[in-house]
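This report refers to the structure that appears directly beneath it.
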Amino acid sequence: MILELDCGNSFIKWRVIHAADAVIEGGGIVDSDQALLAEVAVLPSVRLTGCRIVSVRSEEETDALCALIAQAFAVQARVAHPAQEMAGVRNGYDDYQRLGMDRWLAALGAFHLAKGACVVIDLGTAAKADFVAADGEHLGGYICPGMPLMRSQLRTHTRRIRYDDASAERALNSLSPGRSTVEAVERGCVLMLQGFARTQLDQARALWGDEFSVFLTGGDAPLVREAVPQARVVPDLVFVGLAMACPLD
């Protein structure tokens with residue numbers, strides 16, 4: 001079995017898959033290295049044969065996690081690194097090493113699935129979009145605050161905006177104009193995300209007409225699903241690219 005990790009600045013997304021057929025044995029999201037070890041350890045009948053990691057953390061933090069995994073499960077983790085070209089995709093950044101690994105791997109995964117021009121819309125802490133042409137040229141992309149960052153900034157910088165997560169969840173049962181602060185904030189942020197997603201489609205059409213695929217990924221992808229009905233929702237798109245960047249027997 002293979003442990004796959006997507007290490008962000010705040011959370012670690014993980015899953016364990018069977019090496020032969022990639023069937024998912026278990027997975028989740030944790031907020032610390034120790035929580036990760038604890039959750040993987042309690043999976044029934046798990047014997048890891050490998051581990052691969054994509055990380056936007058510092059090199060020191062990533063190395064520390066690799067050491068913990070080696071100690072706990074006796075496997076050597078493989079870490080994905082930047083590349084100028086991989087799996088038919090050419091990195092479009094002026095300095096290819098500056099493109100975030102999560103974006104790079106999502107682009108690899110999307111191009112592999114699309115077999116042609118595609119746009120990836122990744123909605124997590126940040127909202128990100130990347131464009132890959134039919135010939136595999138990564139054309140670049142966009143980054144703006146995602147739902148968590150927009151919500152956090154409003155709560156931090158506006159004294160009268162105070163509400164809990166349960167209230168925020170209830171506020172999203174509709175997108176009609178809010179009749180309370182929590183409804184106004186939550187629904188306004190969702191509409192901004194939807195506007196971001198629609199704008200990416202406009203950009204793609206300007207580039208390629210109707211000859212492109214759209215992929216939605218990230219934890220807040222469901223919030224914009226209705227705004228881009230033609231999109232394919234692939235929650236584990238980064239892991240698709242990670243398997244290509246770090247193949248394991």
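For segment 22-80, what is the charge dipole size about the Cα centre, in debye to the nearest 20, if Lys and Arg each add +1 at the Cβ and Asp and Glu each add -1 at the Cβ?
The calculated dipole for segment 22-80 is roughly 300 debye.
When only alpha carbons are used to place a centre, segment 32-98 and segment 177-194 end up 36 Å from one another. Annotation: for a label point projected 7 angstrom from Cα along Cα→Cβ of Asp210, residues of segment 116-130 with backbone N closer than 17 Å are 117-118. Once the chain from Gln153 to Ala20 is taken as fully extended at 0.36 nm per residue, the excess over their C-alpha distance is 43.4 nm.
Each Lys and Arg Cβ is given +1 and each Asp and Glu Cβ -1; about its Cα centre, the chain then shows a dipole of about 800 debye.
Taking the Cα centre of the chain as the origin and placing charges on Cβ (Lys, Arg +1; Asp, Glu -1), which of Val132, Trp14, Gln200 is farthest toward the positive end of the dipole? So the residue furthest toward the plus end is Gln200. Quick check: from the Cα gyration tensor, does segment 28-82 come out rounded (a/c under 1.5), prolate or oblate? Note, shape of segment 28-82 comes out prolate. Would you please classify the overall shape of segment 55-108 from the alpha carbon gyration tensor, given that a ≥ b ≥ c denote the square roots of the eigenvalues, rounded means a/c under 1.5, and beyond that prolate means a/b larger than b/c while oblate covers the rest? Note, shape of segment 55-108 comes out prolate. Solvent exposure of segment 1-112, expressed per residue, is 51 Å² of accessible area, with all protein chains present and a 1.4 angstrom probe.
Taking the 1.4 Å solvent-accessible surface of the chain as the whole, the part contributed by carbon and sulfur is 50%. Between Arg232 and Asp94, the modelled labels are 3.4 nm apart [label points 7 Å from Cα along Cα→Cβ]. Which residue, chosen from Phe111, Gly146, Leu36, occupies the Cα position most advanced towards the positive end of the dipole of the chain, where the dipole is computed from +1 (Lys, Arg) and -1 (Asp, Glu) charges on Cβ about the Cα centre? The Cα lying farthest towards the positive end belongs to Gly146.
Which entry is the computed Rg and Dmax of the Cα atoms in Å for this structure: (i) 17.5, 55; (ii) 16.5, 51; (iii) 19.0, 56? Computing Rg and Dmax of the Cα atoms in Å and matching it to (i) 17.5, 55; (ii) 16.5, 51; (iii) 19.0, 56 gives (iii).
Beta bridges from DSSP with both residues in the chain: antiparallel share about 60 percent, rounded to the nearest 5. In a reduced charge model with +1 at each Lys and Arg Cβ and -1 at each Asp and Glu Cβ, segment 1-140 shows a dipole moment near 300 debye about its Cα centre.
Length gained on full extension, Ala41 to Ala64: 6.5 nm, using 0.36 nm per residue less the C-alpha separation. Over the residues of the chain, the helix contribution to mean residue ellipticity at 222 nm works out to -12000 deg cm²/dmol, using -39500 (n - 2.57) for each DSSP H run of at least 4. State which stretch of the chain is the longest one without any exposed trypsin sites (Lys or Arg not before Pro), exposure meaning a DSSP loop state and at most 13 other Cβ atoms within 10 Å. The answer is 180-249.
Translational diffusion coefficient of segment 18-156 at 10 °C, 1.306 mPa s, Stokes-Einstein with Kirkwood Rh over Cα pairs, in µm²/s as a whole number.
Numbers: Rh = 17.2 Å.
So the translational diffusion coefficient is about 92 µm²/s.
Please give the net charge around Asn9, taking every other residue with its beta carbon less than 10 angstrom from that of Asn9, where Lys and Arg add +1 and Asp and Glu add -1. It works out to a net charge of 0.
The values are calculated or read from the model by the stated rules, or taken from the named source; none is laboratory data. Note that the structure is a prediction, hence the values are computed from the model and not measured. Because the Cβ atoms are built from the backbone with ideal geometry, glycine has one as well, and the counts that use them run over all protein chains shown. With ligands, DNA and RNA removed, areas are computed over all heavy atoms of the protein, side chains included. Shrake-Rupley method; radii C 1.70, N 1.55, O 1.52, S 1.80 Å.
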